[in-house]
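Input: a single structure, listed below in structure tokens.
Taken together, the values in this text are just the output of simple stated rules run on the coordinates, not laboratory data. Bear in mind the structure is a predicted one, so any value in this text is a computation, not a measurement. Here the Cβ positions follow ideal geometry from the backbone for every residue, glycine too, while neighbour counts run over all protein chains shown.
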Amino acid sequence: MAEIDKVAWILVEDGRVLSTRSHGKDVWYLPGGKREPGESDLDTLRREIAEELSVAVDVRSAVHVGTFAAPAHGHGDGTTVRMTCYRAAYGGELRPASEIAETAWLRYADRHRTSAVDQLIFDHLRAADLLR
């Protein structure tokens, strides 16, 4: 069984969570990505968010939200994704970059538009009364 190790950024404002859609993809994902060899969670978070959204995450403010696992979208049976999630402040202007085609602020009602692991995270955020 293969596992994809990812780190994601949870940015919630006004009961909505920032999500991204990559070029050529049909679902929305929380911003973040795969860890490179030797990277810590926070190193991965800082690098991925800078690459995808052109902002600097303040890793000193990072708070672990949770770690979630589900079948990996677009991969064969038996491949799971493990997503370690953090909330953190940031500096700069959010702008899609690299493989990101667009961003959107999604509500809980948009849950069905996201990957399986993101759906678990949406449930968690809703239970914590952060997502409307």
Original post:
Tell me, what is the percent relative contact order of the chain, built from C-alpha pairs under 8 Å that lie six or more residues apart?
Top reply: 33 percent
Subject >> Structure-based [θ]222 nm, the chain - -39500 (n - 2.57) summed over DSSP H runs of at least 4, per residue, nearest 500 >> reply: -6000 deg cm²/dmol
Original post:
Taking neighbour Cβ counts within 10 Å as the exposure measure, how do I121, I49 sort from fewest upward?
Top reply: I121, I49
Original post:
Between H23 and H64, what length in nm is gained on full extension when 0.36 nm per residue of separation is reduced by their alpha carbon distance?
Top reply: 11.9 nm
**OP:** Between V12 and D123, with labels modelled 7 Å along Cα→Cβ, what's the label distance in nm to one decimal, could you check?
**Re:** 1.6 nm
Subject >> Rh by Kirkwood over Cα pairs, then Stokes-Einstein D for the range 1-75 at 1.002 mPa s and 20 °C, µm²/s >> reply: 158 µm²/s
Original post:
Can you tell me the Rg and the Dmax, both Å, for the Cα atoms in the range 2-125?
Top reply: 13.3, 39
Subject >> ³J(HN,Hα), Karplus 6.51/-1.76/1.60, whole Hz, each residue of the range 72-87, x for Gly, Pro >> reply: 7, 5, x, 10, x, 4, x, 9, 10, 10, 10, 10, 9, 10, 9, 9
Subject >> Size of charge dipole - the range 2-125 - debye, nearest 20, with Cβ of Lys, Arg +1 and Asp, Glu -1, no other charges >> reply: 180 debye
Subject >> DSSP-defined beta bridges in the chain - what % are antiparallel, rounded to 5 >> reply: 70 percent
Original post:
Based on the Cβ-Cβ distance from R132 to E36, what FRET efficiency comes out when R0 is 41 Å, to the nearest 0.05?
Top reply: 0.75
Original post:
Gain in length, H73 to S54, computed as 0.36 nm per residue apart minus the alpha-carbon separation, to one decimal in nm?
Top reply: 4.3 nm
